[in-house]
Amino acid sequence: MTHDRPEADLDRYAVLGNPVAHSQSPFIHAAFARQMGERMTYERVLAPMDGFVETVRAFAAAGGCGCNVTVPFKFEAPALAARVSARARLAGAANVLGFDADGWWADNTDGIGLVRDIIDGAGVPLRGLRLLLVGAGGAGAGVLGPLIEAGPAEVMVANRTPERAQTLMLRHAAWADQHGVRLQAGALDAPAGRFDVVINASASSLAGGAVPVAPGRLADGALAVDLMYGAPARPFLDWASAHGARPRDGLGMLVEQAAEAFFGWRGCRPETGPVLAALRERLEAKA
């Protein structure tokens, strides 16, 4: 790209959500842009609870090239796009929109971000392992498809409302069969046996609730991942450490999913390691 464009003419991107002031996405994408030499800006846009569609359209009309979508609007995002990726269709939700001349497109990069962070960041190959996914809401829906695609032996979806877990399981049943993965669903106390990877995708951390997993579900040396980061994730991470598991927060997933979105928008893939390290240092300095 040309590197002498005036500031006002830079390609514009944003994260849209409610709330959105806490988002670390501007820091992440600014770091990616510097690393890759891309001329772009990235901002936060607060969307009214009843005005998501209008906010997206206004941003695009004002010259926006694409946006990330965060809570609580991910389920609304796919309907805005002419082209919806297979993983966004499977999740029923999108966290990325692109505004191209040939039509808007939607994608969901949450799951592939989590998988890459587990495999590359935590060094845990998922193939052949037993996975417990706690939570069947938007976060769980976004990550289940890519987790299955990574080839574990089994994925158990557990949720406070078991009917919701069953619905998510049924949506992914054919996908699991295609990849030779045993997929089950049930209540929080339903999982049997011990799991190599436990992923907390529930709202328990955000709400300050109790850890929704029994310690007996952790295999020796299991990886325990909370999709949250910072103070909300601390109780789960401390619980994991106290019971012999390897704790990991959702910061690596956040950076990896952002890199996938950046690739979709700009056609180049940034290196995530240095950005994750810088983000951790930034957040620790603020703590």
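Taken together, the values in this text are just the output of simple stated rules run on the coordinates, not laboratory data. Note that the structure is a prediction, hence the values are computed from the model and not measured. Quick reminder, even Gly has a Cβ in these numbers, built from the backbone with ideal geometry, and neighbours come from all protein chains shown.
Given R₀ = 41 Å, FRET efficiency for Arg83-Thr161 by Cβ-Cβ distance, to 0.05?
0.80
Give me Phe262, Phe195 sorted ascending by neighbouring Cβ count inside 10 Å, so fewest comes first.
Numbers: Phe262 28, Phe195 25.
Ordered by Cβ neighbours within 10 Å, fewest first: Phe195, Phe262.
Stretch Ala277-Ala190 to full length: gain in nm at 0.36 nm per residue minus the Cα-Cα span? Walk me through the intermediate numbers first.
Numbers: separation 87, 0.36 × 87 = 31.32 nm, distance 3.73 nm.
Contour length minus Cα-Cα distance gives 27.6 nm.
Fewest Cβ neighbours within 10 Å first, please rank Glu76, Glu149, Glu284 accordingly.
Glu284, Glu76, Glu149
With the radius of gyration and the Kirkwood radius both derived from the Cα set of the range 111-249, what is their ratio Rg to Rh?
Over the Cα atoms of the range 111-249, Rg/Rh equals 0.92.
Show me, for the range 63-75, the HN-Hα J-couplings you get by feeding each phi into the Karplus relation (A = 6.51, B = -1.76, C = 1.60, θ = phi - 60°), rounded to Hz, glycine and proline as x.
Using θ = phi - 60°, the values come out as x, x, 9, x, 8, 8, 10, 10, 4, x, 9, 4, 6 Hz.
Taking a point 7 angstrom from the Cα of Val71 along the C-beta vector, which residues in the range 254-287 have backbone N less than 18 Å away?
254-255, 257-258
Can you sort Met36, Met49, Met169 so the residue with the fewest Cβ neighbours within 10 Å comes first? Don't skip to the answer; put the middle values down first.
Details: Met36 17, Met49 8, Met169 20.
Ordered by Cβ neighbours within 10 Å, fewest first: Met49, Met36, Met169.
For the chain, what is the calculated [θ] at 222 nm in deg cm²/dmol (nearest 500), taking -39500 (n - 2.57) for each run of four or more DSSP H residues and dividing by its residue count? If you can, show how the numbers build up before the last one.
Values: 11 runs with 106 residues, N = 287.
Counting only the DSSP helices, I get -10500 deg cm²/dmol.
Is the shape of the range 130-173 rounded, prolate or oblate, going by the alpha carbon gyration tensor and its root eigenvalues a ≥ b ≥ c, with a/c under 1.5 for rounded and a/b larger than b/c for prolate? All intermediate terms of the calculation are to be shown ahead of the outcome.
Details: a/c = 1.71, a/b = 1.55, b/c = 1.10.
Prolate is the answer for the range 130-173, as a/c is 1.5 or above and a/b outweighs b/c.
If you take the Cα atoms of the range 49-94, find Rg, then find the Kirkwood Rh from the mean of 1/r over all pairs, what is Rg/Rh?
Dividing the radius of gyration by the Kirkwood radius yields 0.96.
Using 0.36 nm per residue of separation minus the Cα-Cα distance, give me the extension gain between Phe263 and Ser241 in nm, one decimal. Please report the intermediate quantities before stating the final value.
Numbers: separation 22, 0.36 × 22 = 7.92 nm, distance 3.46 nm.
Stretched out fully, the Phe263 to Ser241 stretch lengthens by 4.5 nm.
Determine, at each q value in 0.07, 0.10, 0.11, 0.17 (inverse angstroms), the log₁₀ of I(q)/I(0) that the Debye formula gives when each Cα of the chain is one equal point scatterer.
The Cα Debye sum returns log10 ratios of -0.25, -0.52, -0.63, -1.44.
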